[in-house]
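**Q** One structure is given below, represented as structure tokens, and several questions about it will come after.
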């Protein structure tokens, strides 16, 4: 592991490490996620800001030319048509920094993940009964 690598304890620490304009984008994404998932908790996982509700909900991270958003493969699949204009992979999407971020879409993806994780947690609970 690189000895110079910064490790973050909080999302605030993570965001503070970026230039002001990137901090503003990250704070805006954080706000959208909090609004769509008010009961989710924040943590750092994989050295990225992460929201958790009955397991990992979404991660996000800033890079040189994009914001990476990681709503798990099902979160990508459910919105694949709308996300098709962005670069991405099975469980991630890249929002370029030179274009407006799709906050409304991010909110809908987070709401989808909340419903998915909540349903899965409820099903687990029902199996134990």
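**Q** Just the residues that are surrounded by 15 or more Cβ atoms within 10 Å (Cβ to Cβ) and over 16 Å from residue 59 (Cβ atoms), please, taken from region 12-22.
**A** 22
**Q** Of 66, 54, which residue is under 26 Å from residue 122 (Cβ atoms) and surrounded by 13 or more Cβ atoms within 10 Å (Cβ to Cβ)? Walk me through how you get there before you give the answer.
**A** Working: 66 fails: under 26 Å from residue 122 (Cβ atoms).
Only one candidate passes the filter, namely 54.
**Q** I would also like to ask the following. Scan 127, 87, 120 and give me the residue that is surrounded by 12 or more Cβ atoms within 10 Å (Cβ to Cβ), more than 12 Å from the chain's Cα centre (by Cα) and modelled with pLDDT under 95.
**A** The unique qualifying residue is 120.
**Q** Moving on to the next point. Given the structure, is residue 72 crowded, with 16+ Cβ neighbours inside 10 Å and under 24 Å from residue 8 (Cα atoms)?
**A** Judged against the criteria, residue 72 is a match.
**Q** Kindly check whether there is at least one residue in region 1-10 that is closer than 20 Å to residue 104 by Cα and either surrounded by 14 or more Cβ atoms within 10 Å (Cβ to Cβ) or in contact with a strand residue (DSSP E or B) (Cβ under 9 Å, 6 or more places away or on another chain) (or both).
**A** The answer is no, given that none of the residues of region 1-10 is closer than 20 Å to residue 104 by Cα and either surrounded by 14 or more Cβ atoms within 10 Å (Cβ to Cβ) or in contact with a strand residue (DSSP E or B) (Cβ under 9 Å, 6 or more places away or on another chain) (or both).
**Q** Hey, which of the strands (runs of 3 or more DSSP E) in region 26-118, taking only ones fully inside, have at least 3 residues that are touching a strand residue (DSSP E or B) at 6+ places or on another chain (Cβ under 9 Å) and in contact (Cβ under 8 Å) with a residue 40 or more places away in the chain? It would help to see each step written out before you state the result.
**A** Details: elements: 41-45, 48-52, 56-62, 66-70, 87-89, 92-96.
In region 26-118, the matching strands (runs of 3 or more DSSP E) lie at 56-62.
**Q** Going by what's in this entry, would residue 95 be described as surrounded by 15 or more Cβ atoms within 10 Å (Cβ to Cβ), out of contact with any helix residue (DSSP H, G or I) (no Cβ under 8 Å at 6 or more places or on another chain) and closer than 15 Å to residue 58 by Cβ?
**A** yes
The values are calculated or read from the model by the stated rules, or taken from the named source; none is laboratory data. In this text, all values refer to a predicted model and were calculated from it rather than measured experimentally. Ideal geometry is used to build each Cβ from the backbone, glycine not excepted, and the neighbour counts take in all protein chains shown.
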